[in-house]
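The structure appears below as structure tokens.
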Amino acid sequence: MDCSIISIGTELNLGLILNKNSRYIAERITELGIECRYMFTVSDNSNDICSVLKQSLRYSDLIIISGGLGPTDDDVTRYAVASALNLKLVRDRNLDSSSLRFIRKLKSKKITERLLRQSYIPENSFPIKPKLGSASGFRVELDSKKIIFCIPGVPKEMISMFEKDVVPFLKDGMLRKDLRSNRFKIKKSILLTTDISESEIEEKIKEIVSEAKEINVQIGITADPGLIKIILVTKSSDSMKAEKNLKIIEDKISSKLGNYFYGKDDNLISDNLKEVIAKIGGGLTISTAESITGGLISSIITDTPGSSKFFLGGIVSYSDYSKIKLLDIDENILKKYGTVSREVCLNMARKVREVFDSDYSLSVTGYAGPETENEKVGLVYCCILGPDGYEKIFKKNFPGNRCEVKFRTAQFILNELRAAINEKTFTGRRACSTITKIKMKKDYS
């Protein structure tokens, strides 16, 4: 079954807001085994909506339209859909209570009439009463067995109606016979990497791409600064086989990429840091001293629920003054080596570890730009200190604008910390295993 997704809104076409609705809907219908073949973004113009809908009806069996269902003059989706299908708009009085949900105490005939626009749907269509908001949706079933869903564009309202009304309909297999007998299921997996380029990934996994094709797994790569996603997609009539094939390719790729690979799907890098800490039984603690990132590292860590169990706190020492006053950095070191230097970075990590008495400490200092000299923009020093004298200092040159350099820095140092703790865990287990073997040998002899 082919699907088209149509997003309505002039603000989308002008680039004023990001179109997250289409992405959400596409991901969810993929999980249901329905493939999105086309996506359209249309301004609040009835003729344009009409044109795109007619085009979509030629290509798709399922069409999901979001946006343009409110009470204002630019909410024209219901009129456009009715026009494209040569249907009349009729008032469904059962929708009136939703349409007037947010009417103020001071009522007027004009306001009431405006709000009641939301109660009109194309004749013979099926109304969808909103659980959130006041904009009603509707479903149109055509003689050709094509289905059109119209749902609100406000993200919370869209998700609510999509999950509570659209998804159950699709799951119940009420669209058409070939949906109920649809033999193919689409499975996907997203592998997350950092501090590695697209071309480097392609080079490392080029042999795996051929192997993946043989078992019907497609590999795609999408890039953002500091975060490159490897997307695996497979289509199969056997869900278990599809999952197995995905797992085979996942394992091969993660093995090839080593520490560049840090997680899957929607995981934050701090989620995986938490998992690694949990593997050693918890109890491990972390502190941070940030200059260039201005608190971003601490923010990412605390985006993970339960991070308070291992994250003791951080100091944002953005200026030399704060480095001296809060971290007690020797002013002579700052003058001799400069704020962005190996020596200052190391001292920041040492001092913040002392302040919080943490097992590990992180520190970062660098030039985010663009006001600094061009050749220095992106120069960053990162430091990790840990138990048993663990000490690592990294000199990096990150490309990108100010925000990108900051994000790359945060991703890099958190991934290095994750790798360091993971390696310590592995080394500890290996040591325990060796001791056990020695003991067994002695007992045997």
message: Taking the 0 to 90 degree range and rounding to the nearest ten, how far is the long axis of helix 342-356 tilted relative to the main principal axis of the chain, both from C-alpha atoms?
response: 80 degrees
Straight-distance crosslink candidates among lysines, where the alpha carbon sits under 28 Å from K335 and sequence neighbours closer than 8 are dropped: K323, K325, K351, K376, K392, K395, K396, K406
- request: Using a cut-off of 12 Å between beta-carbons, work out the net charge of the residues near I63 (Lys and Arg +1, Asp and Glu -1, I63 not included).
  value: +2
- request: Note down the magnitude of the dipole of the chain about its Cα centre, charges +1 on Lys and Arg C-beta and -1 on Asp and Glu C-beta and zero elsewhere, to the nearest 20 debye.
  value: 1340 debye
field: Highest average packing first - 394-400, 117-123, Cβ atoms within 10 Å
entry: 117-123, 394-400
- prompt: ³J(HN,Hα) across segment 309-320 via Karplus (A = 6.51, B = -1.76, C = 1.60, θ = phi - 60°), whole Hz, x for Gly/Pro?
  reply: 6, 10, 9, 7, x, x, 10, 8, 9, 6, 9, 4
message: Positive end of the dipole of the chain, charges at C-beta (+1 Lys, Arg; -1 Asp, Glu), about the Cα centre: which of L414, Q55, G389 has its Cα farthest in that direction?
response: Q55
- request: Please compute the net charge surrounding K129, taking Lys and Arg as +1 and Asp and Glu as -1 over other residues with Cβ under 13 Å from its Cβ.
  value: +1
query: Taking every DSSP beta bridge that has both residues in the chain, what percent is antiparallel when rounded to the nearest 5?
result: 60 percent
- prompt: Which whole-angstrom value gives the distance between the alpha carbon centres of segment 312-330 and segment 343-419?
  reply: 14 Å
query: Roughly what % of DSSP beta bridges within segment 2-180 run antiparallel, to the nearest 5?
result: 35 percent
message: Beyond a 21 Å Cα-Cα separation, which of these cross-linked pairs lie in this structure: K54/K88; K235/K264; K146/K213; K54/K146?
response: K146/K213
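Just so you know, all these numbers are worked out from the coordinates, no wet-lab data involved. Everything quoted here is computed from the prediction, not taken from an experiment. Cβ coordinates were reconstructed from backbone atoms using ideal geometry, including for glycine residues, and neighbour counts include every protein chain displayed.
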